[in-house]
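Peer 1: The structure's right below; bear with me while I get my questions together.
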Amino acid sequence: MRPQMRFARRQRWGAVFGLVLGCALIVLIGRYTARAQTTSAPSLGVTFAGAGGTLQLTGHLYRPDGEGPFPALVLLHGCGGISPTHHVWAETLRAWGYVALLVDSLGPRGATNVCDNFKVDPQHARMPDAYAAQSYLASQAFVDGPQIGVMGWSHGGTTTLYAVDDVYLYKLRPKPFRAAIAFYPGCLMRLQRLNAPLLILIGEDDDWTPAARCKGGPDDALRSDAEGVPGRPPWV
């Protein structure tokens, strides 16, 4: 396939994903009723305590102008860390009227890439990170505390799955997220007691995180609703 055609195809599927995601967010989390303004600086670097207070986490906070309170999303990067694409998503969410906190789970642990190792585990390390970020957002006056969701990509998508199953939360016992969106997660576990609405978006031909594992069925690792989209995902 020629590069121009491949790029055009990615643009089309990117638009489809954006439309699906935008509609899902409005239905699941809600939307700030006043028109969101985004004339301030794109993001603010923030530091907040990790679960247990033994680690200081860092992140990039995106918020619309105004007092709010705004619905919010915790964003969890993939195994390669925060990329420019994640910042694009955060800025898009800000333009839609959401606060977005893009959490760096690798830098504070001295890592840059965990695609080939388990130095930063998606369950035991990153799931507490997600809830620490939720607590930080809930403490901000401009955030609508009950309306905080979580969204993750790949490695962070797997963390998202763990974060909405009560079976894996028995030690943390946190307040559940309002909703969850996972982009091409690993789907290596069986979800048993979902505590929030979950949307999975994954490429039908993805050979790294196969969509088949995320489709409901008696022999699949994950029983949930998955939205399969032909082709590989247009971003990582």
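Peer 1: Answer yes or no: is there a residue in the stretch 102-121 that is in contact with a Leu (Cβ under 7 Å, 6 or more places away or on another chain), of a type in the set (A, V, I, L, M) and surrounded by fewer than 22 Cβ atoms within 10 Å (Cβ to Cβ).
Peer 2: yes
Peer 1: Let me ask you something else. Scan the stretch 177-198 for residues that are of a type in the set (A, V, I, L, M, F, W, C) and in a loop (DSSP other than H, G, I, E, B) and jot them down. Before you say what the answer is, go through the steps one by one.
Peer 2: So the first thing to find is which residues in the stretch 177-198 are of a type in the set (A, V, I, L, M, F, W, C), and the list is 177, 179-183, 187-189, 191, 194, 196, 198.
Passing the criteria: Phe177, Ala179, Cys187, Leu188, Met189, Leu191, Ala196.
Peer 1: Just a yes or no: is a residue in the stretch 139-154 among the polar types (S, T, N, Q), touching a residue at least 12 places away in the same chain (Cβ under 8 Å) and at positive phi?
Peer 2: Of the stretch 139-154, the ones among the polar types (S, T, N, Q) are 139-140, 147, 154.
If we keep only those that are touching a residue at least 12 places away in the same chain (Cβ under 8 Å) as well, we get 140, 147, 154.
The next check asks that each one be at positive phi; those that pass are 154.
Within the stretch 139-154, one or more residues are among the polar types (S, T, N, Q), touching a residue at least 12 places away in the same chain (Cβ under 8 Å) and at positive phi.
Peer 1: Suppose the filter is among the acidic types (Asp, Glu) and free of Cβ contacts under 8 Å to residues at least 40 places away in the same chain; does Asp116 pass it?
Peer 2: yes
Peer 1: Might you check whether a residue that is at pLDDT 90 or above and under 18 Å from Ala100 (Cβ atoms) occurs anywhere in the stretch 168-177?
Peer 2: Of all residues in the stretch 168-177, those at pLDDT 90 or above come to 176-177.
Narrowing further to those that are under 18 Å from Ala100 (Cβ atoms): 177.
For the stretch 168-177, residues at pLDDT 90 or above and under 18 Å from Ala100 (Cβ atoms): present.
Peer 1: If I go through the stretch 122-173 residue by residue, how many of them are part of a loop (DSSP other than H, G, I, E, B), in contact with a helix residue (DSSP H, G or I) (Cβ under 8 Å, 6 or more places away or on another chain) and surrounded by fewer than 24 Cβ atoms within 10 Å (Cβ to Cβ)? Please lay out each step first, then the result.
Peer 2: So in the stretch 122-173, the residues part of a loop (DSSP other than H, G, I, E, B) come out as 122-125, 139-142, 154, 164, 169-173.
Still in the list and also in contact with a helix residue (DSSP H, G or I) (Cβ under 8 Å, 6 or more places away or on another chain): 122-123, 125, 169, 172.
Going one step further and asking which of them are surrounded by fewer than 24 Cβ atoms within 10 Å (Cβ to Cβ), we end up with 123, 125, 169, 172.
So the count comes out to 4.
Peer 1: Quick one: is Gly18 modelled with pLDDT under 90, crowded, with 18+ Cβ neighbours inside 10 Å and not in a strand (DSSP E or B)?
Peer 2: So Gly18 does not fit the description; no.
Peer 1: Here is a further query. What number of residues within the stretch 144-169 satisfy the criterion of being over 18 Å from Ile82 (Cβ atoms) and hydroxyl-bearing (Ser, Thr, Tyr)?
Peer 2: Selection size over the stretch 144-169: 2.
Peer 1: Continuing with the same structure: Tell me which of these Leu201 doesn't satisfy, since it passes every other one: (1) at pLDDT 75 or above; (2) crowded, with 17+ Cβ neighbours inside 10 Å; (3) assigned to a loop (DSSP other than H, G, I, E, B).
Peer 2: Failed condition: (3).
The values are calculated or read from the model by the stated rules, or taken from the named source; none is laboratory data. These figures come from a predicted structure and were not determined experimentally. Quick reminder, even Gly has a Cβ in these numbers, built from the backbone with ideal geometry, and neighbours come from all protein chains shown.
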